[in-house]
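In what follows, a single structure is set out as structure tokens and then discussed.
Coordinate-derived values only; no laboratory data. On a predicted model such as this, the values are computed, not experimentally measured, just so you know. Virtual Cβ from ideal backbone geometry, glycine too; neighbours counted across all protein chains shown.
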Amino acid sequence: MKDTVLLEQGAAVPRYVTDRKLAPILGISVDFLQKDRITAQRIPFVRLGDRCLYDVAEALAAVKAMTVGGARPRRGRGGAQ
């Protein structure tokens, strides 16, 4: 098991991090992560006693899976232009 994760920007971060370290990586607030743990639980986390740790790779994958929008298919007849 790897101890670090390599981000797209080339920076290596520990595999498991606290909400304070994950928030800037994801570009969200610590408050959002704390509320998400209690309500929707969209970002996966590990609870160890009273600590909550996040697997950086899993958190990034969860955010990517929530992507909405992008290119939309053309409407109308299939072959007509």
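Under the convention that each Lys and Arg Cβ holds +1 and each Asp and Glu Cβ holds -1, the size of the dipole of the stretch 4-65 around its Cα centre is about 80 debye. Working note: Karplus 6.51/-1.76/1.60 with θ = phi - 60° gives the stretch 37-51 the couplings 4, 7, 9, 7, 6, 7, 9, x, 9, 10, 9, 10, x, 9, 9 Hz, where Gly and Pro are set to x.
Among 53-61, 19-27, 68-76, 41-49, sorting by the average number of other beta carbon atoms lying within 10 angstrom of each residue, highest first, gives 53-61, 19-27, 41-49, 68-76.
Put simply, the amide H of Arg15, placed in the peptide plane, has neighbours under 5 Å in Thr4, Val5, leaving out anything fewer than 5 places away on its chain.
Note on Val68 and Arg47: the model spin-label points, each 7 Å out from Cα along the C-beta direction, lie 2.7 nm apart.
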